[in-house]
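The values are calculated or read from the model by the stated rules, or taken from the named source; none is laboratory data. What you see is a predicted model; the values in this text were computed from it and never measured. Positions of Cβ are generated from backbone atoms using ideal geometry, with glycine treated the same way; all protein chains shown enter the neighbour counts.
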Amino acid sequence: MIASKPPVARKLAITFCYRGFATKFGSPPRAVVSILERAGHQVRQIKDGPLNLAADSVVWIWGNTNWYAGLFAQLTAINQAQRPLVILWHTEPLPPPSAAGLPWPRLNWWETAKFILRRSEATDVYTNYLVLRRWVRNRLPDILVAATLGRKDFLSEQGIESDWVPLGYEPSCGQDLNLTRDIDVLFLGAQDVPRRNRLLERLGKNGIRIHAVGSYANQGCWGRDRTELLNRTKILLNLSRTPGEFP
């Protein structure tokens with residue numbers, strides 16, 4: 001008698017949605033897709049809907065709900081029982097939780113303009129929260145994950161349940177190159193943020209030499225060039241866009 005083979009668990013098909021600024025450079029989406037594929041999943045990567053969706057598949061959204069107006073319209077038009085499993089890993093800023101004792105940030109003029117015009121590239125904390133709240137009121141997503149404890153605490157105060165999963169390390173995003181570390185302090189990030197500029201200026205006046213680079217459009221801040229820059233650095237300085245991001 002030939003023994004029957006044990007059933008093999010079928011790996012779910014995953015649609016990975018990423019529309020962040022780094023799409024053109026590939027690093028974040030490529031790393032996530034690579035991890036999922038190594039786990040045996042069939043993965044397709046998109047920037048937004050609409051698209052063909054099966055009820056037994058998974059839609060994994062990275063970043064910010066405001067980036068995915070087409071996907072939101074498609075998902076809300078589907079009967080809830082027929083929707084795929086929707087996971088949102090929210091990586092963008094939200095207002096600080098009240099426990100932090102911090103004032104909510106003020107918008108600069110271009111953030112205010114994008115907020116009023118409801119532009120899809122708006123990433124201020126108020127747009128981020130209001131659009132996410134609209135998704136939640138439409139019973140989306142099924143699983144909501146926040147990248148920082150501060151965001152999780154804020155969502156809890158608003159009656160929105162979420163889990164905390166911090167961003168981690170993935171080998172394709174960088175490795176030790178054994179380079180000489182000739183940069184004392186590096187700030188790597190967009191410098192069109194008033195809060196960051198004020199802090200960098202204040203640190204400079206106190207005699208701290210900071211090598212500040214970063215731009216969404218500068219390919220030298222991504223991929224291999226970024227890895228080399230980090231390998232030359234002794235201290236990497238993180239300055240969040242808004243206070244209360246990392247309580």
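Structure notes:
- With respect to the stated conditions, residue 88 fails to be assigned to a loop (DSSP other than H, G, I, E, B), of a type outside the set (Asp, Glu) and either touching a Cys at 6+ places or on another chain (Cβ under 9 Å) or modelled with pLDDT of 80 or more (or both).
- Here 127, 123, 180 are screened, and the one residue that is part of a loop (DSSP other than H, G, I, E, B), in the same structural domain as residue 61 (by TED's automatic domain parsing) and not acidic (Asp, Glu) is 123.
- Of the residues 139, 133, the single one that is outside any loop (DSSP other than H, G, I, E, B), closer than 26 Å to residue 84 by Cα and in the same structural domain as residue 77 (by TED's automatic domain parsing) is 133.
- On inspection, residue 188 does not qualify as surrounded by 11 or more Cβ atoms within 10 Å (Cβ to Cβ), over 21 Å from the mean Cα position of the chain (by Cα) and not assigned by TED's automatic domain parsing to the domain that holds residue 94.
- Taken together, 134, 106, 139 contain a single residue that is modelled with pLDDT under 90 and more than 22 Å from residue 33 (Cα to Cα), which is 106.
- Condition met for residue 40 (at pLDDT 85 or above, under 20 Å from residue 91 (Cβ atoms), part of a loop (DSSP other than H, G, I, E, B) and not assigned by TED's automatic domain parsing to the domain that holds residue 189): no
- Residue in the range 207-220 that is hydroxyl-bearing (Ser, Thr, Tyr) and loosely packed, with under 15 Cβ neighbours inside 10 Å present: yes
- Residue satisfying all of: in the range 34-56; buried (at least 16 other Cβ atoms within 10 Å of the Cβ) and more than 19 Å from the chain's Cα centre (by Cα); nearest to residue 123 (Cα to Cα) among these: 53
- Answer residue from the range 211-225, given it is assigned to a helix (DSSP H, G or I) and under 20 Å from the mean Cα position of the chain (by Cα) and is modelled with the lowest pLDDT among those: 219
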